[in-house]
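Structure record follows, encoded as structure tokens.
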Amino acid sequence: MTKLEYPVQTLPDGDKRYQSLEIDDKGDLIFETTDIGEGTAKVAPNGGDLDYEYSYTVAAKDVERLLLELIKDNFDDSEKFKQWLDSKQIQSEFWSY
């Protein structure tokens, strides 16, 4: 399982938002959000609890396509992609002919 946490956000009403991305043991990608606070309790569809949790899940069979679509949409040049990989300390291998 691989998990990345987002920095905690303070919402306009002072509530806190916690978010994470995770690849679970089945290979599904889960984007999870938790809002906590008094403002959340007023508007949350779960009956007034101070916390409201929700997530989006992409099935393992679609994660590869998601990855390719995100790369295509965000990088129009392979050098920019390489710079981004380096900035995230993600190893890559170069090949040329």
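Nothing in this text is a laboratory measurement; each read-out follows from the coordinates by a stated rule. This structure is a prediction, so every number in the text was calculated from the model and none was measured. So basically every Cβ, Gly included, is an ideal-geometry build from the backbone, and we count neighbours across all protein chains shown.
Cα to Cα, under 14 Å, and not fewer than 8 places away if on the same chain: which aspartates and glutamates meet these conditions relative to residue 42?
Within the straight-line limit of under 14 Å, residue 42 reaches these aspartates and glutamates: 13, 15, 51.
Which of these values of Rg and Dmax of the Cα atoms in Å was calculated from the structure shown: (1) 13.6, 42; (2) 17.9, 62; (3) 16.7, 51?
Among (1) 13.6, 42; (2) 17.9, 62; (3) 16.7, 51, the one calculated here is (2).
When we measure straight from the Cα of residue 72, which lysines land under 24 angstrom away, once same-chain ones fewer than 8 places off are left out?
The reachable lysines, counting only those whose Cα sits under 24 Å from residue 72, are 3, 61, 80, 82, 88.
Name the most mobile residue of 86, 49, 25, meaning the one with the largest mean-square fluctuation, in a Gaussian network model of the chain with Cα contacts below 10 Å.
Greatest mean-square fluctuation among the candidates belongs to 86.
Helix-only estimate, please: 222 nm mean residue ellipticity of the chain, summing -39500 (n - 2.57) across DSSP H runs of length 4 or more and dividing by its residues, to the nearest 500.
-9500 deg cm²/dmol
Give me the angle, in degrees from 0 to 90, between the Cα long axis of helix 78-87 and the longest principal axis of the Cα atoms of the chain, rounded to the nearest 10.
It is inclined by approximately 60 degrees.
If packing is taken as the mean number of other Cβ atoms within 10 Å per residue, what is the order of 5-18, 28-41, highest first?
Output ranking for 5-18, 28-41: 28-41, 5-18.
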